[in-house]
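Here the structure is laid out as structure tokens; the discussion comes afterwards.
Any read-out appearing in this document is the output of simple, stated calculations on the displayed coordinates, not a laboratory observation. The shown structure was predicted, so the numbers you read here are calculated from the model rather than taken from an experiment. Every residue, glycine as well, gets a Cβ built from its backbone with ideal geometry; the counts of neighbours run over all protein chains shown.
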Amino acid sequence: MTTGSDKTVTFTLSPTGEPVAAPALQPFDLFPTRIWQARSPSLRNRLDEWVAEVLRMRAASPKPAGRTNRGGWNSEDMAILERPMFASLRDVVHAGCASALCEMGVPAIRFELQSWVNLHDRGGFNFLHVHEGCLLSGSFYLKVPPGSGPFVFRDPRPGVVHGYVKGAVPNGYSDIRLAPEAGLLVLFPCWMEHYVEPHESDDPRIVIAFNAVTANVGGLP
């Protein structure tokens with residue numbers, strides 16, 4: 001490799017063993033997929049009371065709703081953030097979604113929030129799924145004890161799994177494992193396949209999951 005005043009020239013060996021100067025490659029990253037994370041210190045002092053409220057909700061209605069959750073409990077109620085106790089969290093989630101949607105090019109769209117509880121006992125998990133037909137999806141973590149199963153994003157490019165290159169490198173195949181923490185807000189595209197690996201603690205893992213959906217304007221279906 002030789003270095004001039006303006007650029008670096010890399011030499012490789014041809015099949016005949018002769019040195020060949022590599023062309024100057026200009027990279028272009030196509031089809032970017034963006035997620036967002038945020039931490040709100042103002043909410044951290046509410047986590048314990050929100051966890052206690054979720055446990056009361058489970059005790060009052062112990063049958064899980066099902067959906068993609070296995071080995072734990074999730075709420076039938078799909079409007080958890082509309083409860084007065086969660087008003088401050090609802091406001092933060094709504095503001096975060098509005099900011100992300102602005103980056104996505106739809107700053108003026110009116111939206112509402114669907115929200116529910118996902119709780120995992122030991123061995124609990126969520127199988128691979130998407131949140132079809134929504135504007136945006138996300139999670140806010142109330143309780144994440146040691147041994148909590150990571151949140152996993154499946155690589156959204158369907159063809160890449162057939163490639164030779166593996167790992168978090170350009171054009172490689174690699175699912176992304178997110179190790180969450182209490183108080184973390186995560187936003188992601190609704191069409192992005194994701195799942196939660198099995199929980200390995202006797203202390204429950206508790207999340208409020210949500211979708212931003214188009215608002216029901218004027219009461220029309």
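For the reader, a short list of remarks on this structure follows.
- Principal-axis tilt of helix 47-60 within the chain, Cα atoms, nearest 10 degrees: 60
- Computed FRET value (nearest 0.05) for Ile109 with Ser88, which takes r as the C-beta separation and R₀ as 22 Å: 0.40
- The range 30-47 and the range 150-198 have their alpha-carbon centroids 16 Å apart.
- For the pair Ala59 and Arg157 in one chain, pulling the backbone fully straight at 0.36 nm per residue adds 31.1 nm over the alpha carbon distance.
- Remark: spin-label model distance Ala215-Ala22 equals 5.2 nm, labels positioned 7 Å along the Cα→Cβ axis.
- Helix 87-103 axis, angle to the chain major axis (alpha carbon atoms, nearest 10°): 30
- Simple spin-label estimate for Lys166 and Glu49 in nanometres, 7 Å along Cα-Cβ: 4.9
- Prolate/oblate/rounded call for the range 73-221, Cα gyration tensor, a/c under 1.5 rounded: oblate
- Taking 0.36 nm per residue of separation and subtracting the Cα-Cα distance, full extension of the segment from Trp191 to Asp121 would add 22.5 nm.
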